[in-house]
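Shown next, in structure tokens, is the structure this report addresses.
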Amino acid sequence: MLSDREFEDWCRRLCLPETTKELVQKIRNSEPVRKVGGGAKNVCGSYPSRKMGKTIQFESHKVELPALVEYENDEDVLEYYDQPIRLSLSFHSLSGRCVVTSHTPDFWVMRRNSAGFEEWKASERLKTLAQKQPTRYQQSEEGRWHAPPAETKVQAMGLYYYL
């Protein structure tokens with residue numbers, strides 16, 4: 001984990017606005033906003049992170065757990081946190097009605113030259129979600145998945161949102 005000075009230098013290097021810096025500090029100093037829960041097909045657990053010096057929750061042993069192993073071994077990843085914050089997202093439903101919902105991204109990830117929220121879902125699940133909520137989940141022609149409402153929400157803060 002970064003020292004206070006390293007964190008200040010990192011924020012300065014990324015030119016993060018003061019409000020974003022405060023949000024990042026809140027994430028770094030808070031417990032996850034929710035406990036993960038298992039569904040019929042999910043196997044939840046806690047990953048003992050040496051990098052973070054604590055356990056990190058995961059909600060899927062086939063999708064999120066491999067992400068944690070990747071973060072743990074990726075030298076570009078400086079810090080990562082589970083269930084970091086609730087975002088309020090708005091988008092239009094299939095009927096055209098405006099929907100406002102609360103969303104908790106799986107992880108907050110601080111990389112050497114970027115930072116943002118990462119949501120991990122199986123591609124089959126994303127295809128189903130895209131059919132039900134096509135303005136919330138979209139696949140580009142190159143095959144990359146996007147969540148435009150979430151991306152728009154965090155880009156103004158100088159952050160990314162990866163799906």
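The values are calculated or read from the model by the stated rules, or taken from the named source; none is laboratory data. Here the structure is a predicted model, which is why all the values come from computation and not from measurement. For neighbour counting, all protein chains shown are included, and Cβ atoms are generated from backbone atoms with ideal geometry for every residue, glycine included. Side chains are part of the model used for accessible areas, which takes the heavy atoms of the whole protein and leaves out ligands, DNA and RNA. Shrake-Rupley method; radii C 1.70, N 1.55, O 1.52, S 1.80 Å.
Could you tell me whether any residue of segment 124-146 is in a loop (DSSP other than H, G, I, E, B), hydrophobic (A, V, I, L, M, F, W, C) and within 26 Å of VAL43 (Cα to Cα)?
No, segment 124-146 contains no residue that is in a loop (DSSP other than H, G, I, E, B), hydrophobic (A, V, I, L, M, F, W, C) and within 26 Å of VAL43 (Cα to Cα).
Looking only at residues in segment 98-134 that are of a type in the set (Val, Ile, Thr) and under 26 Å from MET157 (Cα atoms), which one is surrounded by the fewest Cβ atoms within 10 Å (Cβ to Cβ)?
Taking the candidates together, the pick is VAL100.
Being among the acidic types (Asp, Glu) and over 16 Å from the mean Cα position of the chain (by Cα) is the filter here; which residues of segment 91-127 pass it?
Scanning segment 91-127 gives a single hit, GLU124.
Among the residues of segment 95-115, are any charged (D, E, K, R) and over 30 Å from GLU6 (Cα atoms)?
Yes; the residues of segment 95-115 include at least one that is charged (D, E, K, R) and over 30 Å from GLU6 (Cα atoms).
What residue, of LYS41, LYS26, LYS51, LYS35, is within 23 Å of GLY158 (Cα to Cα) and not aliphatic (A, V, I, L, M)?
Selected residue: LYS26, the only one of LYS41, LYS26, LYS51, LYS35 that is within 23 Å of GLY158 (Cα to Cα) and not aliphatic (A, V, I, L, M).
Among what's in segment 17-48 and is modelled with pLDDT of 95 or more and hydrophobic (A, V, I, L, M, F, W, C), pick the residue that is surrounded by the fewest Cβ atoms within 10 Å (Cβ to Cβ).
Among them, the one singled out is VAL33.
Under 8 Å between Cβ atoms, at least 6 apart or on separate chains: pull out the pairs that start in segment 114-128 with a residue that is closer than 26 Å to VAL77 by Cα and end on any residue that is among the charged types (D, E, K, R) and open to solvent by 50 Å² or more (accessible area, probe 1.4 Å).
The qualifying pairs are ALA122/LYS62.
Mind checking whether some residue in segment 76-91 is among the aromatic types (Phe, Trp, Tyr), in contact with a helix residue (DSSP H, G or I) (Cβ under 9 Å, 6 or more places away or on another chain), under 22 Å from PRO149 (Cα atoms) and open to solvent by less than 50 Å² (accessible area, probe 1.4 Å)?
Yes, some residue in segment 76-91 is among the aromatic types (Phe, Trp, Tyr), in contact with a helix residue (DSSP H, G or I) (Cβ under 9 Å, 6 or more places away or on another chain), under 22 Å from PRO149 (Cα atoms) and open to solvent by less than 50 Å² (accessible area, probe 1.4 Å).
Do the conditions hold for ILE56, that is, is it of a type in the set (Val, Ile, Thr) and either open to solvent by 60 Å² or more (accessible area, probe 1.4 Å) or not in a loop (DSSP other than H, G, I, E, B) (or both)?
In short, yes.
Residue pairs, Cβ under 6 Å, 6 or more apart or interchain, first in segment 1-18 and over 19 Å from VAL109 (Cβ atoms), second modelled with pLDDT under 95 and surrounded by fewer than 14 Cβ atoms within 10 Å (Cβ to Cβ). List them.
Hits for this filter: zero, empty list.
Which one of the conditions (1) in a helix (DSSP H, G or I); (2) open to solvent by less than 30 Å² (accessible area, probe 1.4 Å) does LYS153 fail to meet, given that it meets all the rest?
With (1) in a helix (DSSP H, G or I); (2) open to solvent by less than 30 Å² (accessible area, probe 1.4 Å) applied to LYS153, the lone miss is (2).
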